[in-house]
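Novice: Mind having a look at this structure? Questions to follow.
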Amino acid sequence: MNQYCFGVDLGGTTVKIGLFDPQGSVLEKWEIPTRTDDNGNNILPDIAAAILGKMQEMGITKDSVIGVGIGVPGPVDDDGVIHKAVNLGWGVMNINEVLGGLLQMPVKAGNDANVAALGEMWCGGGKGYNNMVLATLGTGVGGGIIVNGKMITGATGAGGEIGHIHIVDDEPDTCGCGNHGCLEQYGSATGVVRLASRKLAACDDASVLREAQANGELSAKAVFDAVKAGDQLACEVAEEFGMYLGKGLAAIACVVNPEIFVLGGGVSKAGEILCEYVSKYYKKYVFHGCRDAKFALATLGNDAGIYGAAKLVLE
């Protein structure tokens with residue numbers, strides 16, 4: 001009998017769902033809207049209905065399904081209890097029990113960033129490694145830490161929140177978390193724009209970024225495109241970005257000693273040049289016993305979450 005598992009990536013706008021075989025091949029994937037009205041009470045029933053509908057459509061029986069994994073945007077502990085997900089309207093809830101009850105199948109939940117890291121380890125940029133850190137460089141800096149093939153969740157599911165490592169004293173701007181000087185204020189897409197804006201304001205040097213800023217088109221992509229074109233000011237911004245991110249990852253390495261750092265999120269579309277800037281400063285700041293960690297780009301893109309969620313139930 002063929003065996004299957006489902007991976008669910010629950011986002012604030014859409015729910016991505018994938019049907020997998022146990023070897024990591026995605027057999028089918030689709031999306032449904034995330035209904036966050038009514039305190040998110042429809043979300044898990046909608047997911048259950050989508051999975052059961054797909055099983056009926058494909059003639060898959062419950063005894064051939066190993067289980068359903070789900071990644072959610074919030075801290076989730078090892079028992080599947082989410083400790084509040086503000087953008088979903090959820091308070092404290094045991095997802096494993098609630099969704100498992102709706103499906104009458106085994107369910108395992110995890111934080112979405114940690115689950116994405118598991119996906120990249122299983123079938124993506126970290127394939128072949130059991131000790132890995134995923135740094136997702138998007139609007140913020142997300143993270144997932146894998147040690148000996150297992151996600152590090154911590155006591156309340158907040159393990160892997162690498163974006164909120166304190167990097168800079170005396171930072172005037174406030175991070176989204178309420179603190180000042182967090183890694184994500186410099187290592188994210190918005191952080192790159194912040195660094196570039198400050199650099200442009202502090203000097204009169206010619207740069208293509210000035211035109212981009214005047215047109216409201218200053219972005220992380222614009223900065224790294226300018227770097228590739230040899231723009232001096234953009235290169236200085238990339239150096240500063242690399243210094244902050246390299247320093248932050250060096251701090252993480254002293255705790256978890258990964259074999260590889262996998263860089264994902266929108267900023268990673270800059271390509272290998274990103275790894276070069278970050279690894280240079282990582283090697284400068286890191287403890288010598290961790291210096292040989294490799295750097296690679298994430299390869300699963302927006303599918304990392306469904307891959308990792310499926311892997312959750314194969315553990």
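The values are calculated or read from the model by the stated rules, or taken from the named source; none is laboratory data. The shown structure was predicted, so the numbers you read here are calculated from the model rather than taken from an experiment. When we count neighbours, we look across all protein chains shown, and the Cβ atoms used for this are built from the backbone with ideal geometry, even at glycine.
Novice: I need a count of the residues in the range 101-114 that are in a helix (DSSP H, G or I) and in contact (Cβ under 8 Å) with a residue 24 or more places away in the chain.
Specialist: At the first step, the residues of the range 101-114 found to be in a helix (DSSP H, G or I) are 101-103, 112-114.
Those left that are additionally in contact (Cβ under 8 Å) with a residue 24 or more places away in the chain: 102-103, 112-114.
Number satisfying all stated conditions: 5.
Novice: Filter the range 124-150 down to residues that are touching an Asp or Glu at 6+ places or on another chain (Cβ under 9 Å) and of a type in the set (A, V, I, L, M, F, W, C) and give me whichever is surrounded by the most Cβ atoms within 10 Å (Cβ to Cβ).
Specialist: If we take residues in the range 124-150 being touching an Asp or Glu at 6+ places or on another chain (Cβ under 9 Å) and of a type in the set (A, V, I, L, M, F, W, C), then Leu134 is surrounded by the most Cβ atoms within 10 Å (Cβ to Cβ).
Novice: May I pose another question? Can you work out which of the residues in the range 154-165 that are surrounded by fewer than 20 Cβ atoms within 10 Å (Cβ to Cβ) and over 14 Å from the mean Cα position of the chain (by Cα) is farthest from Asn257 (Cα to Cα)?
Specialist: Thr156
Novice: Going by the structure shown, is Tyr281 touching a helix residue (DSSP H, G or I) at 6+ places or on another chain (Cβ under 9 Å), buried (at least 19 other Cβ atoms within 10 Å of the Cβ) and closer than 20 Å to Asn257 by Cα?
Specialist: Numbers: touching a helix residue (DSSP H, G or I) at 6+ places or on another chain (Cβ under 9 Å): yes; buried (at least 19 other Cβ atoms within 10 Å of the Cβ): yes; closer than 20 Å to Asn257 by Cα: yes.
When the stated conditions are applied, Tyr281 passes them.
Novice: With (1) acidic (Asp, Glu); (2) free of Cβ contacts under 8 Å to residues at least 24 places away in the same chain; (3) in a helix (DSSP H, G or I) as the list, and Glu239 as the residue in question, which single condition is left unmet?
Specialist: (2)
So that you can scan it fast, the table gives a plain yes or no per residue for (1) over 19 Å from Cys254 (Cα atoms); (2) modelled with pLDDT under 95; (3) in the same structural domain as Val72 (by TED's automatic domain parsing):
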position: Ala158; (1), (2), (3): no, yes, no
position: Ile162; (1), (2), (3): no, yes, no
position: Val168; (1), (2), (3): no, no, no
position: Cys175; (1), (2), (3): yes, yes, no
position: Cys182; (1), (2), (3): no, no, no
position: Gln185; (1), (2), (3): yes, no, no
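Novice: Still on this structure, please answer the following. Only strands (runs of 3 or more DSSP E) wholly contained in the range 1-93 count here; list those with 2 or more residues that are over 21 Å from Glu315 (Cα atoms) and modelled with pLDDT under 95. If you could, list the steps in order and put the result at the bottom.
Specialist: On the way: elements: 4-10, 14-20, 26-33, 65-72, 81-85.
In the range 1-93, 81-85 are the strands (runs of 3 or more DSSP E) which contain 2 or more residues that are over 21 Å from Glu315 (Cα atoms) and modelled with pLDDT under 95.
Novice: I would also like to ask the following. I'd like to know if the range 298-314 contains one or more residues that are among the charged types (D, E, K, R) and without any contact (Cβ under 8 Å) to a residue 12 or more places away in the chain. Full working, then the answer.
Specialist: Of the range 298-314, the ones among the charged types (D, E, K, R) are 303, 311.
Then drop every residue that is not without any contact (Cβ under 8 Å) to a residue 12 or more places away in the chain, which leaves none.
No, the range 298-314 contains no residue that is among the charged types (D, E, K, R) and without any contact (Cβ under 8 Å) to a residue 12 or more places away in the chain.
Novice: Quick one: Val227 ticks every box in (1) among the hydrophobic types (A, V, I, L, M, F, W, C); (2) closer than 23 Å to Gly142 by Cα; (3) touching a residue at least 40 places away in the same chain (Cβ under 8 Å) except a single one, so which number is it?
Specialist: Just one mismatch for Val227, condition (2).
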